[in-house]
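The values are calculated or read from the model by the stated rules, or taken from the named source; none is laboratory data. Worth saying up front: this structure is predicted, and the values here are computed from it rather than measured. Here Cβ is always computed from backbone atoms with ideal geometry, including for glycine, and neighbour counts include all displayed protein chains. Calculation scope for accessible area: heavy atoms of the full protein, side chains included, ligands and nucleic acids excluded. Shrake-Rupley method; radii C 1.70, N 1.55, O 1.52, S 1.80 Å.
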Amino acid sequence: MRITDVLVRNGLLTAEQMADVLRLQQAEGLRLDRAIVRLEYLSERELLGALGEHLKLKVADLSQLSVGQEVLRLLPAKLVFRKRVFPIGQADGAIEVATSDAFDMSALDEARLLTGLEVRPVLAAAEEIDKLIKAHYGVGGDTIDEMGGGGGGGVSAESATSEDLLEMAQEASVIKLVNEIIIEAVNERASDIHIEPYEHELSIRYRIDGVLHEASMPPQIHRFQAAIISRLKILANLNIAERRVPQDGRIEFSVGGRQIDVRVSVIPMLFGEGIVMRLLDKSSVLFTLTQLGMDDATFSRFQGLIRRPHGILLVTGPTGSGKTTTLYAALNALVNSEIKVLTVEDPVEYHLRGVNQIPVDPQVGMTFERGLRAILRHDPDVLMIGEIRDLETARAAIAAALTGHLVLSTLHTNDAASAPMRLLDMGVEPYLVSSTLIGAMAQRLVRTICPKCRTTDPADPRTLPEDLGWRPGDVLHRGAGCEACRGTGFRGRTGLYELLTINEPLAECILHRRPPPELIRAGREDGLRLLREDGWIKVRQGVTTVDEVVTCTAV
């Protein structure tokens, strides 16, 4: 019986769907199984089940598989990476090899020839095989093998000349390895790549949802530390011969049709140069205001503030709390053909359509303060300043607000009530702050529970924070851990928000330099909700966990 008959007989495909598959197969010269997947009539696992039944092959679930080193050594890394096959067991003089391609006989023949053993094919999902390959052989394992990572090889940065480093960095295998490191980070949704040299190893870690995770890399990768770092410096247009001072650069990368902007920072360390790369995905980072995670009341008040004709609105929080993302979302909501929007940023992280963006460059004297004063002559309606860092920038922002402009900016404070006090501490006169500041919003990012493995979590009220206000019948949630979330129980992040709208009583408090606790009391009367309280709402909604809120709002 043909596989087409099996699929129709088992009710997996209708006769009409099979006719569509055959037409696509004939038109594009595809194999039958790939035509079915292209049309999305069956999932890969459903198709593998049908093929397994038809070809009398076992279909395995590799998600919980544990494989010993003696089995891994049976197949060369080159074959594993090139043919995407994986050894999963050995018994009775035969080796079991997982493959997602039931018709690739050449891979099985090659494995039989190289091992001298009988090869028993087992069908498995391509994604599961790829994860096993990365976990056991490491990202770029085949490339390291080609480069001679199994023994010897490699040149230290200290002993290499500039010509040596340049030659190494331009080798095809080094280029491929660096590309694989960046592509893996993008596929894992990493925001940063940390490359850290130690005495006998090179650590590569990805920051995913705010937490660092060790990347699966072959242990031999430290032999090629100099080549990897030199390649990245060349891509970022940095001086590969200079290894004594910090350097900063930028790389434009394209991964699967997505434009990735990579900001590169290189710092000399004890055992070589350390690199941190910030990955900015231009296609997915621009959120709308509704995607930020604000509740309806905060969203409505924030929208009201950004529609004001003039004044200063500050977004505060530590580095990495999503302040710039919030400002970009606000600008996206404002941009239209009737208003002019200008920004001064260090650096310009994302390109916004319809917004005039100016990069800060202190080396040529282009500071926040100078850029802000210059752009006021360009007749803007809305200004965005990347960060208010000093008195000069603060005074320029206030001057813009006083002359009828809406100014959006960020500030490093722990809560919203500390924002006006921070401006006063910089040296801005109280009457200027009270008359121009229209709002301050503190924010934090918390990891959200993975929707694929979310489950209820029975909890003892005695172990929970008192201010959570636990009530009988309330249900907590957590992530059990699955493939989609790398076993962490979390996937993605959302914001916690604390929005202080400056009204007349608050302006009076600022004018008289009242401390933040008094501003909070006055804000409470106007509906101020603190970060932690916003966090507890998201805990009850099953968005995040108690531990996440406690960690992100700890005083």
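Ile208 meets the conditions (1) of a type in the set (A, V, I, L, M, F, W, C); (2) surrounded by 18 or more Cβ atoms within 10 Å (Cβ to Cβ); (3) in contact (Cβ under 8 Å) with a residue 40 or more places away in the chain; (4) within 19 Å of Leu177 (Cα to Cα) in every case but one. The failed one is (4).
It is to be established whether one or more residues within the range 68-90 are surrounded by fewer than 20 Cβ atoms within 10 Å (Cβ to Cβ), in a loop (DSSP other than H, G, I, E, B) and either acidic (Asp, Glu) or at pLDDT below 80 (or both). No: zero hits.
Of all residues in the range 440-475, those satisfying the criterion of being within 25 Å of Thr298 (Cα to Cα) and among the polar types (S, T, N, Q) are Gln443, Thr448. In the condition set (1) closer than 30 Å to Val550 by Cα; (2) in contact (Cβ under 8 Å) with a residue 12 or more places away in the chain; (3) out of contact with any His (no Cβ under 9 Å at 6 or more places or on another chain); (4) not polar (S, T, N, Q), Asp425 is compliant with all but (2). Take the residues of the range 318-341 that are within 17 Å of Thr288 (Cα to Cα) and without any contact (Cβ under 8 Å) to a residue 40 or more places away in the chain: which is least open to solvent (accessible area, probe 1.4 Å)? In this case the residue turns out to be Val335.
For the range 295-307, the count of residues that are out of contact with any His (no Cβ under 9 Å at 6 or more places or on another chain) and more than 30 Å from Gly404 (Cα to Cα) is zero. For the range 126-138, how many residues meet the condition of being at pLDDT below 85 and open to solvent by less than 10 Å² (accessible area, probe 1.4 Å)? Going through the range 126-138 one residue at a time, the tally reaches 2. Check the range 435-446 and report whether any residue there is touching a Phe, Trp or Tyr at 6+ places or on another chain (Cβ under 7 Å) and hydroxyl-bearing (Ser, Thr, Tyr). Within the range 435-446, none of the residues are touching a Phe, Trp or Tyr at 6+ places or on another chain (Cβ under 7 Å) and hydroxyl-bearing (Ser, Thr, Tyr). Out of the residues in the range 294-317 that are under 25 Å from the mean Cα position of the chain (by Cα) and open to solvent by 20 Å² or more (accessible area, probe 1.4 Å), state the one that is farthest from Thr551 (Cα to Cα). That would be Phe299. When Glu188 is tested against (1) modelled with pLDDT of 90 or more; (2) surrounded by fewer than 19 Cβ atoms within 10 Å (Cβ to Cβ), just one condition goes unmet, and that condition is (1). Scanning the range 482-493 for residues that are under 17 Å from Gly210 (Cα atoms) and either at pLDDT 85 or above or open to solvent by 40 Å² or more (accessible area, probe 1.4 Å) (or both) gives Cys485, Arg486, Gly487, Thr488, Gly489, Phe490, Arg491, Gly492, Arg493. Of the strands (runs of 3 or more DSSP E) that lie entirely inside the range 378-481, not one contains 1 or more residues that are open to solvent by 50 Å² or more (accessible area, probe 1.4 Å) and aromatic (Phe, Trp, Tyr).
Exactly one residue out of Leu47, Leu114 is outside any loop (DSSP other than H, G, I, E, B), among the hydrophobic types (A, V, I, L, M, F, W, C), in contact with a helix residue (DSSP H, G or I) (Cβ under 9 Å, 6 or more places away or on another chain) and open to solvent by 60 Å² or more (accessible area, probe 1.4 Å), and it is Leu114.
Scanning the range 296-324 for residues that are under 21 Å from Val211 (Cα atoms) and part of a helix (DSSP H, G or I) gives Lys323, Thr324.
Of everything listed in (1) within 18 Å of Arg263 (Cβ to Cβ); (2) surrounded by 16 or more Cβ atoms within 10 Å (Cβ to Cβ); (3) of a type in the set (D, E, K, R), the single unmet condition for Asp361 is (2). Could you tell me whether Glu40 is farther than 26 Å from Gly487 by Cα and at pLDDT below 80? Judged against the criteria, Glu40 is a match. Screening Ile275 against (1) at pLDDT 90 or above; (2) open to solvent by 20 Å² or more (accessible area, probe 1.4 Å); (3) over 27 Å from Arg444 (Cβ atoms) leaves a single unmet condition, (2).
Being closer than 18 Å to Asn414 by Cα, at pLDDT 90 or above and of a type in the set (S, T, N, Q) is the filter here; which residues of the range 501-554 pass it? If the condition is that a residue be closer than 18 Å to Asn414 by Cα, at pLDDT 90 or above and of a type in the set (S, T, N, Q), then Thr501, Thr551 are the ones that fit.
Selection of the range 204-225 for residues being of a type in the set (A, V, I, L, M) and at pLDDT 90 or above yields Ile204, Ile208, Val211, Leu212.
Arg223 fulfils the conditions (1) open to solvent by 50 Å² or more (accessible area, probe 1.4 Å); (2) over 30 Å from Ser321 (Cβ atoms); (3) touching a strand residue (DSSP E or B) at 6+ places or on another chain (Cβ under 7 Å) except for a single criterion, (3).
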